[in-house]
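A short reminder: the numbers here are calculations on the coordinates, not readings from a lab. Computed from a predicted model, the values in this text were never measured in an experiment. In this analysis, Cβ positions are derived from the backbone assuming ideal geometry, glycine residues included, and neighbour counts consider all displayed protein chains.
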Amino acid sequence: MNQPNYDYHENRRNFLPWLLLILILAGIWWYLSRPKPFYDPHAKPRPVTARGDLAADEKNNIELFESTSASVAYITSIELRRSLFSMNVYEVPQGTGSGFIWDKNGMIVTNYHVIEDAGRVEVTLADHSTWKGVVVGAAPDKDIAVLRISAPAEKLRPIIVGESKDLKVGQKVFAIGNPFGFDQTMTTGIVSALDREMKSATGRTIQGVIQTDAAINPGNSGGPLLDSAGRLIAVNSAIYSPSGASAGIGFAIPVDIVNRIVPELIRHGKVSRPGIGVSVANESITRRMGIKGVLLINIQPGSSAEKAGLRGTKKIGDEILLGDIIETVNDKSVSSFDALRNELEKYRIGDEVTLGLLRDDSRVKVRVRLEDAG
């Protein structure tokens, strides 16, 4: 019996049209089923909804910035270096900070640590004009410095000065400065705490410091901290931050300190410190001896301390006779020389204070007139 004879090529020719038809139909299905963008040739911007008036606190913020920002300056400290090979002197930016205009004479207030060791200082005003800053005076113990620029008076808008003695925790505050070099930046916050302490560049304790959660970053140092009336209430000085950026804990030097120190720096280039004319024992010695107070070692001849009858430490033969130990100033306890100086600096030269002394196992009180400690 003969088998049917299939023609392979004939079958292939019959299959190809069906394959082509299937591919065409698949393509049509894909095209029709794929997501298609919707284009609208008549598309227009959405109608703008009227905002209405700004909130009262927003208006205050805007007004405060517009009225105060012109008083804030951008400070660049420049270090002078000498080339090792050519011996040429060249300039290197050392750091940046902020400051503010104090008066129409071109006095600019900033932190001492902003311009410390600078070979040259540049002050840039809000209108972006740059001026050479000359150091008029500095109070390193209080981290305050005053510069002078030769800008004309019409370019200078002195900041409005307030007070810090009546501040309350929770009060709204504003910081304007140049964090990370971004000039004319305003941040807001509150007074987080009062009567904090911080160390100055010299290691001295600055008392009465204001703590705020207004964002303060590197570059804000030396700039103003303002109240809601736009008045200067403190000078931003330091932050507490493991990362070096704002962590919501900033510290500012109260304006009551600044307003007392700056005029002295302008008049004399330094701060006249009230004192009584004594030298005292090292704190490590008094701690080992269990003394809680300030042990007097020497009394300067002709000093206020000598006139008031204060006694220094003496050596008689092999025996040491301890001098007076100052325990209080006007009934405020002092346990170290740093604390004693801070307490005396609350008064002026010529004022009288009452010292509470431990003398020969007895407690006595002595009136002393404060003198210039230099």
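Brief remarks follow.
- For the chain, with +1 on Lys and Arg beta carbons and -1 on Asp and Glu, the positive-most of Thr130, Phe65, Val366 along the dipole: Thr130
- Here the stretch 138-185 is treated with +1 on each Lys and Arg Cβ and -1 on each Asp and Glu Cβ, and its dipole about the Cα centre works out to around 120 debye.
- Screening the chain for whole DSSP H helices of 20 Å or more along their axis (Cα) with average Kyte-Doolittle hydropathy at least 0.0 returns 8-33.
- Within the chain, longest stretch free of exposed chymotrypsin sites (Phe, Trp or Tyr not before Pro) [DSSP loop, at most 16 other beta carbons within 10 Å]: 241-346
- Kirkwood-type hydrodynamic radius, the stretch 172-268: 13.5 Å, calculated from all non-identical alpha-carbon pairs.
- Translational diffusion of the stretch 122-223, µm² s⁻¹ [Kirkwood Rh, Cα pairs; Stokes-Einstein; 4 °C; 1.567 mPa s]: 83 µm²/s
- Relative intensity, log₁₀ I(q)/I(0), of the stretch 233-374 from a Debye sum that treats every alpha carbon as a point, q = 0.08, 0.09, 0.20 Å⁻¹: -0.30, -0.37, -1.17
- Proportion of all alpha-carbon pairs of the chain beyond 30 Å (%): 57 percent
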